[in-house]
Amino acid sequence: MGLFASHSLIKRFPKFMQQFDENINTCAQVPFSLSKSEEKQMLDRLSSSAKTLLNLPSLVEQVQISNEFPLSESEIKRLDQLWIKESKQVKHPDGLAMLNLPLSKVFKKWQSQFKGVVTELILTDNQGKNIAISKLTSDYWQGDENKFTKTFKQSKDFNFDSVTYDASTHHFQVQLSFPVLDDNNSHIGVLILGVDVEKALHSSNEKSN
């Protein structure tokens, strides 16, 4: 999960660390899973606060509203492709409009308290469509991905996806998902947290020490 280089090495090869960061993603091509102890550390750090967020009336209400307007699979895929195309451009009308929603602003403020441990929040409805986000996402539809399918209408209270290396941030990240429940304890959506693995485990170790 990390590399320590001596001062003498850096002096001999001043560009070593930069080149290492740029190429480490080729060393982590196959996603891997967290250990049970690592999962516990992350849950101890995030679960209570995430559940407070999940119980916000405005969050549940927005999911219920979105669920009242289901889309066909072809329409979802069309919107997803449009979102992906826009995400590669300077202007992202749909994404920016969602970022300006009141609930997205709540997400952004909530995320800031974790000082980089939480990298993003995504709220979906029962089809896996984005409802609110804390930062621009690469896609609009999460319904065909493990972070949604292994959480929605499943018996577990949470789900950790595989750990992947994010070449843009030079950090290992994992997505932690929680089901969104209504007053009848029925699954109506999913809340997804992007978590910086290194920062999360480091902060947990600091607290325990």
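The values are calculated or read from the model by the stated rules, or taken from the named source; none is laboratory data. Note that this is a predicted model, so its numbers are computed, not measured. When we count neighbours, we look across all protein chains shown, and the Cβ atoms used for this are built from the backbone with ideal geometry, even at glycine.
The set of residues from region 87-129 being of a type in the set (D, E, K, R), closer than 18 Å to Leu71 by Cβ and either out of contact with any strand residue (DSSP E or B) (no Cβ under 9 Å at 6 or more places or on another chain) or surrounded by fewer than 20 Cβ atoms within 10 Å (Cβ to Cβ) (or both) comprises just one member, Asp94. Evaluated against (1) in contact with a strand residue (DSSP E or B) (Cβ under 9 Å, 6 or more places away or on another chain); (2) more than 19 Å from Leu123 (Cα to Cα); (3) part of a loop (DSSP other than H, G, I, E, B), Met42 falls short on exactly one condition, (3). Residues that are surrounded by 11 or more Cβ atoms within 10 Å (Cβ to Cβ) and at pLDDT 90 or above within region 6-28 comprise Leu9, Ile10, Phe13, Phe16, listed in sequence order.
Among the residues making up region 177-201, a single one is of a type in the set (S, T, N, Q) and surrounded by 24 or more Cβ atoms within 10 Å (Cβ to Cβ): Ser177. Of all the numbered requirements in (1) hydrophobic (A, V, I, L, M, F, W, C); (2) in a loop (DSSP other than H, G, I, E, B); (3) buried (at least 21 other Cβ atoms within 10 Å of the Cβ), Ala132 misses one, and that requirement is (2).
Go over the candidates Pro93, Pro31 one by one and state the one that is at pLDDT below 95 and more than 27 Å from Leu201 (Cβ to Cβ).
Details: Pro31 fails: more than 27 Å from Leu201 (Cβ to Cβ).
Just a single option satisfies the conditions, and that option is Pro93.
Taking strands (runs of 3 or more DSSP E) that do not extend beyond region 139-209, which have at least 2 residues that are at pLDDT below 90?
Values: elements: 164-166, 171-181, 187-196.
Answer list for region 139-209: 164-166, 171-181.
Residue pairs whose Cβ atoms lie under 8 Å apart, separated by 6 or more positions or on different chains, with the first residue in region 13-26 and within 16 Å of Tyr165 (Cβ to Cβ) and the second hydroxyl-bearing (Ser, Thr, Tyr), are Ile24/Tyr165; Asn25/Tyr165.
Kindly indicate whether Ile24 is part of a helix (DSSP H, G or I), within 22 Å of the chain's Cα centre (by Cα), farther than 17 Å from Leu121 by Cα and aliphatic (A, V, I, L, M).
Values: part of a helix (DSSP H, G or I): yes; within 22 Å of the chain's Cα centre (by Cα): yes; farther than 17 Å from Leu121 by Cα: yes; aliphatic (A, V, I, L, M): yes.
Yes, satisfied.
If you check Ala132, Ala200 for being under 30 Å from Phe20 (Cβ atoms) and touching a helix residue (DSSP H, G or I) at 6+ places or on another chain (Cβ under 8 Å), only one passes: Ala200. When Lys150, Lys129 are checked against the criterion of being of a type in the set (D, E, K, R) and free of Cβ contacts under 8 Å to residues at least 40 places away in the same chain, Lys150 stands alone in meeting it. For region 72-110, the set of residues classified as of a type in the set (A, V, I, L, M, F, W, C) and farther than 14 Å from Gly143 by Cβ consists of Leu82, Ile84, Val90, Leu96, Ala97, Met98, Leu99, Leu101, Leu103, Val106, Phe107, Trp110, listed by residue number. Being among the hydroxyl-bearing types (Ser, Thr, Tyr) and more than 20 Å from Gln62 (Cα to Cα) holds for only one residue in Thr124, Thr119, and it is Thr119.
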